[in-house]
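Taking it in order: structure first as C-alpha cells, then the write-up.
Since every read-out is calculated from the coordinates, none of them should be taken as a lab result. From a predicted model like this one, the values you see are computed outputs, not experimental measurements. Glycine also receives a Cβ, built like all others from the backbone with ideal geometry; neighbour counts cover every protein chain displayed.
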Amino acid sequence: MNDTPCKPPPPVAARRSRPDFVARTTQGEVRLSGFRKRWLLFFSHPADFTPVCTTEFVGLAKAADRFAAMNCALLGLSVDSLFSHLAWLRAIQEAFGVTVPFPLVEDPSMAVGRAYGMLDETTPDSASVRASYFIDPNGIIRAMTWYPHNVGRSVEETLRLLAALQATHDDKAMAPEGWRPGEALLAPPAASLAGIEAGPDWFCHKVRG
C-alpha cells in the first residue's frame, strides 16, 4: 500500500458531461452511456485485496438493493487487471459470504481514471485516493467525493448524498446540513424585494419535505 498522503488532481467541475468509454468488467463489456436514464455511482478504489477497499465492497454489496430502489446503478474501477478483480470478488464471497452484484472495471493503463480526473498525468498508480462520482440520468456529474487510501467511504452518507441530489435535482429546492429524506428542504435564495419581504427567515426558508 502506498503511504503517500492523498493528493487528488484538480477536481472536475460538477454538472459536466464526461467522455463515454467501453471497458472490460467482471460482468462483461460495459459502455458508460449504457447507464443513461438512471443515476450512477461511479467510484474508484486504490487496489484489490486491500483491507479498506474490501470493507467498502462488502458494504456496497449489502446496500445494492437500496441503491437500486433509488434508480441508481453502481460501477467500480481500479487499475488492477480483470483477472485480479475476479479473484478478489471470489475471495470476498468465500471470506464474508457476500456476492458483489455490480461490475468492476479494469483500468491497467489508467486511461479511464485520467479521463475522469480521478488521477493526474504524473501519478504512477491510483493507490493514494478513492473517488466517487454521482452521475445523473442525463450523464451529468452532480457531485464528487474524495477520500485518502486509509479512510473508507460511508455507505450511509453515500446514500444520503444521493437522496439529497435527487430531491434537489430540479433546482427548486436546496438540502440543508444533515438533510435526510422526508425532512424539509430550503427555498432557493430570494432574487427580488418581494422575496426578501416574505418574512424574517427569507434567507433560510424551509419548504416542502
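Converting phi to 3J(HN,Hα) with the Karplus coefficients 6.51, -1.76 and 1.60 and the offset θ = phi - 60°, the range 169-176 yields 4, 8, 6, 8, 8, 10, 9, x Hz in sequence order, with x at every glycine or proline.
Sequence-ordered 3J(HN,Hα) estimates for the range 151-158 from the Karplus curve with 6.51, -1.76 and 1.60 and θ = phi - 60° stand at 10, x, 6, 9, 5, 5, 5, 4 Hz, glycine and proline given as x.
Overall shape: rounded for the range 22-167, with the ratio a/c of the largest to smallest alpha carbon gyration tensor axis below 1.5.
Annotation for ALA191 and THR145: the two label points, set 7 Å from Cα along the Cα-Cβ direction, are 3.1 nm apart.
Using 0.36 nm per residue and subtracting the Cα-Cα separation, the extra length available between ALA68 and PHE203 on full extension is 45.0 nm. Given the Cα-Cα distance of GLU156 and HIS169 and 0.36 nm per residue of separation, how much length would full extension add, in nm? Between GLU156 and HIS169, full extension yields 2.7 nm more.
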